[in-house]
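The values are calculated or read from the model by the stated rules, or taken from the named source; none is laboratory data. Treat the numbers as computed from the prediction; the structure is a model and nothing was measured. Note: ideal-geometry Cβ built from the backbone for every residue, glycine included; neighbour counts use all protein chains shown.
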Amino acid sequence: MLQTQPHYHSKVPTRTSLTHLKIQSCRGMTLIELMLSIGITSILTSIALPNLDHFIVQLRVDNEISRLSRLLLTARNHAISSDSNVIICPIASNGACSTDWHEELSVFIDYNGNQQFDSANNELLIATKSPIKSGDILIYAKNRTKITYQATGHLFGLSNGTLRYCPKDYQDMSRAIVVARSGRFYATTDSNSDGKDETRSNQVIKCD
């Protein structure tokens with residue numbers, strides 16, 4: 001007895017249906033969808049940009065504090081190892097130290113003890129640090145012109161000092177390095193979580 005097999009018919013897409021699918025897949029955004037996308041992008045940008053500025057300034061301040069710390073450590077170590085006074089300061093054109101701490105800072109061995117850099121006397125320039133960003137402020141204590149490390153590693157003088165760095169238009173992000181008479185130093189932190197750095201004696205960092 002012969003059995004007949006069922007016939008299966010596959011539906012082959014016609015040229016018309018293929019053209020319709022292609023048109024649908026190429027359809028662009030509607031005007032409402034475009035306006036909605038632009039609106040969302042604008043909102044996200046307005047939120048992100050202030051945070052990005054804040055992040056960039058924080059990086060700049062932290063980087064300067066780190067570089068100053070390395071400069072202090074270099075000066076103290078050389079004072080001890082060379083058994084001589086080592087000075088950190090902004091050097092003027094005549095070799096004397098100035099109060100322009102925002103300019104290039106230099107570390108040198110003061111062989112003759114005159115508290116200025118004498119290249120003619122072959123005094124050794126150990127290290128330098130480039131100027132800070134224009135508009136930012138860097139000051140040391142009250143108009144002091146130099147930091148001098150003695151051969152003992154202690155500061156020359158009777159008091160400690162504070163290097164204060166204040167970025168332009170972001171005073172609350174100011175930071176500092178406190179240098180003790182012992183020659184040791186520390187960088188300030190936001191100890192009370194108020195968004196501002198303080199010294200260990202709870203003094204907020206300001207440059208005015």
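Some observations on this one:
- Residue in region 183-193 that is more than 17 Å from Ser66 (Cβ to Cβ), loosely packed, with under 15 Cβ neighbours inside 10 Å and touching a residue at least 24 places away in the same chain (Cβ under 8 Å) present: no
- The residue list Asn143, Asn63, Asn85 contains one member that is without any contact (Cβ under 8 Å) to a residue 24 or more places away in the chain and either over 19 Å from Ile177 (Cβ atoms) or among the polar types (S, T, N, Q) (or both), which is Asn63.
- Residues located in region 169-182, provided they are surrounded by fewer than 15 Cβ atoms within 10 Å (Cβ to Cβ) and either aliphatic (A, V, I, L, M) or in contact (Cβ under 8 Å) with a residue 40 or more places away in the chain (or both): Ala180
- Among the conditions (1) more than 19 Å from the chain's Cα centre (by Cα); (2) loosely packed, with under 14 Cβ neighbours inside 10 Å; (3) of a type in the set (Lys, Arg), Lys146 misses just one, which is (2).
- Residue in region 122-134 that is nearest to Val57 (Cα to Cα), counting only those that are under 21 Å from the mean Cα position of the chain (by Cα) and either of a type outside the set (A, V, I, L, M, F, W, C) or modelled with pLDDT under 95 (or both): Lys133
- Top-ranked residue in region 77-121 [being modelled with pLDDT of 95 or more, within 31 Å of the chain's Cα centre (by Cα) and surrounded by fewer than 14 Cβ atoms within 10 Å (Cβ to Cβ); ranked as farthest from Cys166 (Cα to Cα)]: Ser81
- Residue check for Leu138: farther than 25 Å from Gln203 by Cβ and within 26 Å of the chain's Cα centre (by Cα): no
- If only residues of region 148-179 that are touching a Gly at 6+ places or on another chain (Cβ under 9 Å) and part of a loop (DSSP other than H, G, I, E, B) are counted, the one that is farthest from Gln115 (Cα to Cα) is Asp169.
- Contact map, region 146-168: residues that are under 18 Å from Thr188 (Cβ atoms) and of a type in the set (Gly, Ala, Ser) paired with residues that are at pLDDT 95 or above and not in a loop (DSSP other than H, G, I, E, B), Cβ distance under 9 Å, separation 6+ or inter-chain. Pairs shown: Gly161/Tyr140; Gly161/Ile147; Gly161/Leu155; Gly161/Val178; Gly161/Val179.
- Pairs where the first residue, in region 101-119, is touching a residue at least 60 places away in the same chain (Cβ under 8 Å) and the second is β-branched (Val, Ile, Thr), C-beta under 8 Å, 6+ apart: Trp101/Ile139
- Considering Arg144, Arg175, the condition of being touching a Lys or Arg at 6+ places or on another chain (Cβ under 9 Å) and among the basic types (Lys, Arg) is satisfied by Arg175 alone.
Residues checked against (1) of a type in the set (Gly, Ala, Ser); (2) modelled with pLDDT of 80 or more:
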{"position": "Gln3", "(1), (2)": "no, no"}
{"position": "Pro6", "(1), (2)": "no, no"}
{"position": "Thr19", "(1), (2)": "no, no"}
{"position": "Gly28", "(1), (2)": "yes, no"}
{"position": "Leu36", "(1), (2)": "no, no"}
{"position": "Ile43", "(1), (2)": "no, no"}
{"position": "Pro50", "(1), (2)": "no, no"}
{"position": "Arg60", "(1), (2)": "no, yes"}
{"position": "Ile65", "(1), (2)": "no, yes"}
